[in-house]
Amino acid sequence: MPYYRQLGDVPAKRHTVHRGADGERLLEELMGTAGFAGASSLLYHRKSPSALLTVEAVDDGRLPLEATHPLVPVHLRTGDLPASTSTDLVRGRQVVAGNDDVLITMATATDTSPLYRNVFGDELVFIHEGQGRLDTVFGPIDVGPGDYVVVPSGTTHRWTVAGPLKALILETSGHLAPPARYLTDGGQFREHAPYCERDLRGPTAVTDAPELAPDWPVDVLVRTRQGLTHHTYANHPFDVVGWDGCVWPYALSIHDFEPIVGSLHQPPPVHQTFEGPGLVVCSFVPRPFDFHPDAVKIPYHHANVDSDEVLFYVDGDFMSRAGTGIGAGSLTIHPAGFIHGPQPGSWERSVDQTATNETAVMIDTFAPLLRGPVAASITDPDYATSWSG
């Protein structure tokens, strides 16, 4: 995270004796990055967060990814995904694509997830539909449609949902951050950044509730590079009474992203929202069209030379994709080597338009994407030839 926060009860000096209201010494936990040299936070627990009772390997059921061959653009109808065997936002994820840098998954949740932490990398959860709450060791965050939720690596958390919740979830291999060009050397958002600190919603209170910190064994699912492990602890991890630092979970609404426009068509980097190892994430939101009198208001044809391009269509009128069957919930993958652009008739439809009313999330990966085992069952067979009219 780009800036410091403090919440709850913390001592004046770090690494000093700190006692709770009952007089018992609180136990300090450092959640750090880059081997003590990067951003970190200090959390203060009532009881030991290391009191492990049992350990068991868990089969997460994920099958190997498949190479994209032959080279072909794909349209995945994620609304047609078969029902998962699990109905929570952790175990119900279905992998649609991925590589060594990121797994792109979809999930529909109707139940509260188990306690979970991913120590392989940060997770980015985009809420497409539904309401819920992210409960974490740092405190809770309420989330809803259009929210990006960044969960730092190593954060123990769970997802509570209010009715069906649909989400696009990125499991990365490292840390996500705002693009470096948006930040000063000291970490403050610059004036030209399309969002700023005021748009980031972190926890506003620590949990520290007795019902969330019982004195009996507590189960946590832990994801590593090797897979899932089931840990049972003597103490509940949510017994934190205070924390401070620069690593914490937060939500950013895509509707708070301020679009950058020009007299002529602006390239995708102006829409960039996050960067991570081997990937960038961009937000396409409603905005005025280009205002030069001769502007071509639709995207030009382009070839991805160094990246695969994924677009998840959130809502609105996707004018440049009209006639292809793409709608809310569609996910397209345009691999490197495929020249793509607007559908036939898009330019004619755009001439008299003054604004675009569409919302979408774009993920560019710099290593080729492989397809998940469920992709074939939700692939539109006619998409690859849709530019031929």
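The values are calculated or read from the model by the stated rules, or taken from the named source; none is laboratory data. Note that this is a predicted model, so its numbers are computed, not measured. Glycine gets a Cβ as well: all are built from the backbone with ideal geometry, and neighbour counts include every protein chain shown. Accessible surface is based on the protein model in full, side chains and every heavy atom, while ligands, DNA and RNA are left aside. Shrake-Rupley method; radii C 1.70, N 1.55, O 1.52, S 1.80 Å.
Compute the accessible area per residue over the stretch 1-158, keeping the other protein chains in place, probe 1.4 Å, unit Å².
Averaged over the residues of the stretch 1-158, the accessible area is 48 Å².
Counting Lys +1, Arg +1, Asp -1, Glu -1, what net charge surrounds residue 127 among other residues with beta carbon under 12 Å of its beta carbon? Write down the numbers at each step before the final one.
Values: positive: 133, 166; negative: 129, 142, 147.
Residues near residue 127 contribute -1 overall.
P(r) for the stretch 301-381, from all Cα pairs and a bin width of 10 Å, is 16, 45, 34, 6, 0 %, short bins first.
Given a 1.4 Å probe and the protein chains as shown, residue 106 ends up with an accessible area of around 10 Å². With each label modelled as a point 7 angstrom along the Cα→C-beta vector, the residue 294-residue 34 pair spans 4.8 nm.
When the helix-only estimate is applied to the chain (DSSP H runs of n ≥ 4, each -39,500 (n - 2.57), divided by the residue count), what is the mean residue ellipticity at 222 nm, nearest 500 deg cm²/dmol?
0 deg cm²/dmol
By accessible area, using a 1.4 Å probe on protein heavy atoms only, the stretch 10-78 has 53% of its surface on carbon and sulfur. Computed from Cα atoms alone, the Kirkwood hydrodynamic radius reported for the stretch 1-107 is 19.1 Å.
What does the charge dipole of the chain about its Cα centre add up to, to the nearest 20 debye, if the Cβ of each Lys and Arg holds +1 and the Cβ of each Asp and Glu holds -1?
Details: 26 positive and 47 negative charges, 90 e Å.
Approximately 440 debye in magnitude.
The modelled label-to-label distance for the pair residue 100/residue 12, using points 7 Å beyond Cα in the direction of Cβ, is 5.1 nm.
Across the stretch 110-210, the mean sequence separation of Cα contacts (distance under 8 Å, 6 or more residues apart), normalised by length, yields a relative contact order of 33 percent. For a straight C-alpha distance cut-off of 12 angstrom, the aspartates and glutamates reachable from residue 297 (same-chain residues fewer than eight places away being disregarded) are 348, 352.
Seen from residue 262, the other residues with C-beta closer than 12 Å to its C-beta sum to a net charge of +1, counting Lys and Arg as +1 and Asp and Glu as -1.
The label-point distance for residue 57 and residue 142, in a model that sets each label 7 Å from Cα toward Cβ, rounds to 4.4 nm.
Along the axis of the charge dipole computed for the chain (Cβ charges of +1 for Lys and Arg, -1 for Asp and Glu, origin at the Cα centre), the listed residues 170, 350, 388 are led at the positive end by 170. Averaging the sequence gap over all C-alpha pairs within less than 8 Å and six or more residues apart, then dividing by the number of residues, gives the stretch 212-273 a relative contact order of 25 percent.
Suppose the chain between residue 388 and residue 184 were pulled fully straight at 0.36 nm per residue; how much longer would it get relative to their current alpha carbon spacing?
On the way: separation 204, 0.36 × 204 = 73.44 nm, distance 4.65 nm.
The residue 388-residue 184 span can extend by a further 68.8 nm.
Comparing 185, 122, 290 in a Gaussian network model of the chain (Cα springs below 10 Å), the most mobile by mean-square fluctuation is 185.
What ratio of Cα Rg to 2.2 N^0.38 Å holds for the stretch 241-343?
On the way: Rg = 16.5 Å, N = 103, 2.2 N^0.38 = 12.8 Å.
Ratio of Cα Rg to 2.2 N^0.38 Å: 1.29.
Note on the stretch 180-329: Rg/Rh from Cα positions, Kirkwood definition for Rh, rounded to two decimals, is 1.08. Pairwise Cα distances in the stretch 221-296 exceed 18 Å in 67 percent of cases.
Assuming 0.890 mPa s and 25 °C, estimate D for the chain with Stokes-Einstein, Rh taken as the Kirkwood radius over Cα pairs, in µm²/s. Answer from the Stokes-Einstein relation: 110 µm²/s. In percent, rounded to a whole number, the relative contact order of the chain is 22, using alpha-carbon pairs under 8 Å and six or more apart.
Taking the Cβ of residue 106 as the centre, find all other residues whose Cβ is under 9 Å away and add up their charges (Lys, Arg: +1; Asp, Glu: -1). Overall, the nearby charge balance is +2. Candidate cross-link partners of residue 47 among the aspartates and glutamates, defined by an alpha-carbon separation under 12 Å and a same-chain spacing of 8 or more, comprise 24, 28, 29, 208, 215, 239.
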